[in-house]
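Single-structure report; data block below.
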There are 2 protein chains.
Amino acid sequence: MSVSKTTPVAWQRTHSHGRCIDGAIDAAARICESRGIRLTPLRRRVLELVWGNCKPVGAYGLLDELKREHSSAAPPTVYRALEFLMEQGFVHRIQSLNAYVGCNDPGHSHKGIFLICNDCGDAVEIEDKGVANTIDRFASGLGFLLASQSVEAAGLCPGCQEA
Amino acid sequence: MSVSKTTPVAWQRTHSHGRCIDGAIDAAARICESRGIRLTPLRRRVLELVWGNCKPVGAYGLLDELKREHSSAAPPTVYRALEFLMEQGFVHRIQSLNAYVGCNDPGHSHKGIFLICNDCGDAVEIEDKGVANTIDRFASGLGFLLASQSVEAAGLCPGCQEA
DNA sequence: TATAGTTACGATATAATATAACAAAAACTG
DNA sequence: CAGTTTTTGTTATATTATATCGTAACTATA
């Protein structure tokens, strides 16, 4: 088991978030360059906004932020950017929240587990090969060709249990 | 690993579905009685409709069906029934599809895994304690109080791989 | 540096999913 | 039966996501 180090567990977070954002953007830029694809200003900005929120954020939340500086922004603007960012693995979608979070370890495929606090709304991504491998085995045992997987758990984070 | 027997793997399904529905309704009725809660005609009917579709079905799909026989049905009608059915564990929500399926093993809490075919849209629930236990361990290791979990994998079922 | 091909973005409309709020009816409880 | 709780009816609206089509920007190749 390993909780991601690049984005410490949110409810243990004591650092300022700025460096995380910068690092994530830089990493994305490098990956795009190596893949020959374009991290356009718009896509970069949406990625920054995703990271700027410390919690999973909805598409329309991002849209509101984006509109302040980019008056032409409309729903497709955000959804296209998110689609791109998810395809490239820079952003994950939290299915149970209809919300998006930055991936703290882009560049290599990893099947994360999300722990989502029902109270504060924060989500933490955990890396684990065990769960992913188990699912892989189930799938291949049934002749099912796996394309993606989503593992989400909800409950109360330590901080919110006290309150 | 065990694929549920009460609802055989969909892409291996050769039986008529009627008995599954009846069995699921009967089981739900018995559970409701034992819990002292009401499986009203409306709730029962929605549960039947969920089962009547062999695949995950959206709330508005259910609503269309329900309207045919129940002209006063509106979105809240269906959503309330689904909420009840999910609380009682008779129905699961497939987060990645915004759709609902009958639970083939209600009555005792079980953390299922869903394999979802991106082509035919069918979903199969698999029971597995391993994945659930792994997630439990992660959570308690972090002091996270787990309330629910959702494990969904998408890909191509055997039948749809050929086509 | 033209120019054809591709990719990305703008702009509008609408689809699909879900909930709020309050009134009316039905079912339970003493 | 009267009071209470639960369920359903009804209307309106919120939230999330896509379709479509036109325009602009970038890319590659000559």
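The values are calculated or read from the model by the stated rules, or taken from the named source; none is laboratory data. Note that the structure is predicted; figures quoted are calculated from it, not measured. FYI the Cβ positions are ideal-geometry reconstructions off the backbone, even for glycines, and counts take in every protein chain you see. We work out accessible area using only protein heavy atoms, side chains counted, and drop any ligands, DNA or RNA first. Shrake-Rupley method; radii C 1.70, N 1.55, O 1.52, S 1.80 Å.
Kindly indicate whether B:L115 is modelled with pLDDT of 95 or more, more than 12 Å from the chain's Cα centre (by Cα) and closer than 29 Å to A:A139 by Cα. Spelling it out, B:L115 is indeed modelled with pLDDT of 95 or more, more than 12 Å from the chain's Cα centre (by Cα) and closer than 29 Å to A:A139 by Cα.
Within segment B:73-104, being assigned to a loop (DSSP other than H, G, I, E, B) and either at positive phi or within 11 Å of DNA strand D (Cβ to nearest atom) (or both) holds for B:A73, B:A74, B:Q88, B:G89, B:N98.
Has segment A:64-73 got any residue that is over 29 Å from B:G159 (Cβ atoms), open to solvent by less than 60 Å² (accessible area, probe 1.4 Å), more than 14 Å from every other protein chain (Cβ to nearest Cβ) and polar (S, T, N, Q)? No - not one qualifying residue is present in segment A:64-73. Of all residues in segment A:74-101, none satisfies the criterion of being over 15 Å from A:E48 (Cα atoms), within 11 Å of DNA strand C (Cβ to nearest atom) and open to solvent by less than 20 Å² (accessible area, probe 1.4 Å). Among the criteria (1) open to solvent by 30 Å² or more (accessible area, probe 1.4 Å); (2) within 12 Å of chain A (Cβ to nearest Cβ), the one B:R35 does not fulfil is (2). Of all residue pairs spaced 6 or more apart or on separate chains, those with beta-carbon atoms under 6 Å, a first member in segment B:115-144 that is farther than 16 Å from A:K129 by Cβ and a second member that is part of a helix (DSSP H, G or I) are B:C117/B:C160; B:D119/B:C160; B:C120/B:C160; B:D122/B:A10; B:V124/B:A10; B:I126/A:F138; B:G143/A:P158. Can you tell me how many residues in segment B:21-48 are near DNA strand C (Cβ under 10 Å from one of its atoms) and either of a type outside the set (A, V, I, L, M) or in contact with a Lys or Arg (Cβ under 6 Å, 6 or more places away or on another chain) (or both)? Of the residues in that region, 4 qualify.
Give me the strands (runs of 3 or more DSSP E) completely within segment B:107-162, filtered to those with at least 1 residues that are more than 7 Å from every other protein chain (Cβ to nearest Cβ), ordered by residue number. Can you show your working first?
Working: elements: B:112-117, B:123-127, B:145-156.
In segment B:107-162, B:112-117, B:123-127 are the strands (runs of 3 or more DSSP E) which contain 1 or more residues that are more than 7 Å from every other protein chain (Cβ to nearest Cβ).
Under the condition of being within 15 Å of DNA strand C (Cβ to nearest atom) and either open to solvent by 50 Å² or more (accessible area, probe 1.4 Å) or part of a loop (DSSP other than H, G, I, E, B) (or both), the residues counted in segment A:49-63 number 2.
Residue-by-condition table, conditions (1) among the charged types (D, E, K, R); (2) in a helix (DSSP H, G or I); (3) at pLDDT 85 or above:
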| site | (1), (2), (3) |
| --- | --- |
| A:R19 | yes, yes, no |
| A:A24 | no, yes, yes |
| A:I31 | no, yes, yes |
| A:R38 | yes, no, yes |
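Of everything in segment B:105-118, what is open to solvent by 20 Å² or more (accessible area, probe 1.4 Å) and more than 16 Å from DNA strand D (Cβ to nearest atom)? Give them in sequence order. Full working, then the answer.
Let us first name the residues in segment B:105-118 that are open to solvent by 20 Å² or more (accessible area, probe 1.4 Å), namely B:105-111, B:118.
B:D105, B:P106, B:G107, B:H108, B:S109, B:H110, B:K111 - these are the residues of segment B:105-118 that are open to solvent by 20 Å² or more (accessible area, probe 1.4 Å) and more than 16 Å from DNA strand D (Cβ to nearest atom).
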